[in-house]
Amino acid sequence: MTTPTEDIAEDAPRVQSKAELVEWLEAGCKPKADWRIGTEHEKFGFVKDGLYPLPYDGEVGVRAMLEGLRDQFGWQPIEEGGKLIGLKRDGASVSLEPGGQFELSGAPLEHIHQTCDEVGVHLNEVRQIADPLGIAFLGIGTSPLWSLEETPMMPKGRYKLMRDYMPKVGRLGQQMMFRSCTVQTNLDFSSEADMVQKLRVSLALQPLGTALFANSPFLEGRPNGFLSYRSHIWTDTDPDRTGMLPFAFEDGFGFEQYVDYALDVPMYFVRRGGTYLNATGLSFRDFMAGELSLVKGDRPALDDWADHLSTIFPEVRLKRFLEMRGSDSGPWSRLCAFSAFWTGILYDQSALDAAWDLVKGWTAAERAAMRFAVPSLGLKTPIPGGRDLQALGREVLAISRAGLKARARLSMSGDDETGFLSELDRIVETGITPAEALLERYHGAWGGDITPVFEEMAY
């Protein structure tokens, strides 16, 4: 595992052609028997006495949390510049987002029962360290109370580069960095054709994922006017590296076309000499030609390419697997439901074909319209054909359930994975997103006071 602080080895082979970048992506193809599920989720840490975000240093802070997990539960440290900035264990990792959001990147697992167990074990470990320190963690899509200025920045070199670059390319990039939390699932493909079908289906359905998991209606102590403010943030972060990838639906799309897209996304950094060199706005194509001004004459290694791909943020991201990126973080049950939802659609061919039949006639303009409407409208977002996402959700949940049933991955008690969708069934039947349920409590039982969210949405 390459940690974020390791340099690219001086003797690492350098990339000589675009074909090598295409081959690197293509090497992600796996036979179906080897497909796995990787679930990632972020959460906000806060000090219970005063409801303020965790600083990095101090007896009650992010470093203390990481040290506790390291010392009590056998996690191995990841350091940068002498500071503990992450942990790794058995194929999983704990990392820090810019504002101190704790992220669990789960190990590649075979089924959702394992995924849900993994998340449960992690949250239990976190609570055992956090409780004596007076710390808790919040499962929600945007920080509901503290301002950007009140949010600390974690000591990772790339984050300073990104923070300073964001205002040059969009209005809300720093909000994304410091005040948002997401849940993601990483899923495999067997071939280029399989990747293309899965990418197209998941891109088209990403607004539905946004609506089902919309969970970020608050900012700085009051409603922010959105159901998923986190999703809205991404519409004004950096148009060079975000969005719905309309070219993925064009004839002839494949690994090479994604490489061409990625090569034209401006760079963030290059790791050399024990530090992150500021490459914001520079060209990876120049790097390929040995003409990058920062490291004149040097060319990228494949690890540089992997770094660059990790700085691209479309609604679905292609690496050596596909990342679903369109949804807000939430409570434990919805973290499990999230991976179940996408696994049911993408890991059974009949389900994948049925989902494609629902969306294949949509135009790029129609997909974009849904993407821009859903942060505000949730399940009421119009879709082609005069319907809305609530109606589509009923059909897609049925497809996902059929896909999970066909997988027939059973728990020790003999249950298949379909039970993880039950919370989504309730959301679709009522048409009430998690954000709308929170707003109802804010305007009702909470009496316009935001603070109960720190109890109701804490893990």
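The values are calculated or read from the model by the stated rules, or taken from the named source; none is laboratory data. Here the structure is a predicted model, which means the values were calculated and not measured. All Cβ positions, glycine included, derive from the backbone under ideal geometry; neighbour counts span all protein chains shown. Note: accessible area is taken over every heavy atom of the protein model, side chains too, but ligands, DNA and RNA are not part of it. Shrake-Rupley method; radii C 1.70, N 1.55, O 1.52, S 1.80 Å.
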Q: Using only the alpha carbons, work out the radius of gyration and Dmax of the stretch 311-358 in angstrom.
A: 12.3, 33
Q. How far apart, in nm, are two points set 7 Å out from the Cα along the Cα-to-Cβ line at LYS32 and at GLU440?
A. 4.0 nm
**Q.** Förster radius 35 Å - calculated FRET efficiency between LYS168 and GLN16, Cβ distance, rounded to 0.05
**A.** 0.65
Q. Per residue and in cubic angstrom, what volume does the convex hull of the Cα atoms of the stretch 306-459 have?
A. 166 Å³
Q | Hull-based mean projected area of the chain, where the convex hull spans the alpha carbons, in square nanometres | A | 21.0 nm²
**Q.** Carbon plus sulfur fraction of accessible area for the chain, probe 1.4 Å, in percent
**A.** 50 percent
Q | Protection proxy ranking of 269-277, 35-43, 409-417, 141-149 - average other beta-carbon atoms within 10 Å, highest first | A | 35-43, 141-149, 269-277, 409-417
Q. What ranking, highest mean first, results for peptides 366-374, 239-247 when packing means the other Cβ atoms within 10 Å averaged over each residue?
A. 366-374, 239-247
Q. Roughly how many Å is it from the Cα centre of the stretch 265-305 to that of the stretch 178-198, as a whole number?
A. 26 Å
**Q.** Computed Kirkwood radius, in angstrom, where 1/r is averaged over Cα pairs of the stretch 257-354
**A.** 15.9 Å
Q: Quickly rank 312-319, 156-163 as a protection proxy: mean count of other C-beta atoms within 10 Å, highest first.
A: 312-319, 156-163
Q: Keeping all protein chains in place, calculate the accessible area per residue for the chain (probe 1.4 angstrom), answer in Å².
A: 38 Å²
Q: Give the Debye-formula value of log10 I(q)/I(0) at each listed q (0.17, 0.22 Å⁻¹), with one equal scatterer per alpha carbon of the stretch 208-288, two decimals each.
A: -0.89, -1.02
Q. With N residues in the stretch 106-154, what two-decimal value do you get for its Cα radius of gyration over 2.2 N^0.38 Å?
A. 1.51
Q.
Heavy atoms only, 1.4 Å probe, whole protein assembly: order ASP307, ASP353, ASP238 by accessible area, highest first.
A. ASP353, ASP307, ASP238
Q | q = 0.16 Å⁻¹, the stretch 155-259: log10 I(q)/I(0) [Debye, one scatterer per Cα] | A | -0.90
Q.
Between the stretch 32-51 and the stretch 311-367, what is the separation of their alpha carbon centroids in Å?
A. 18 Å
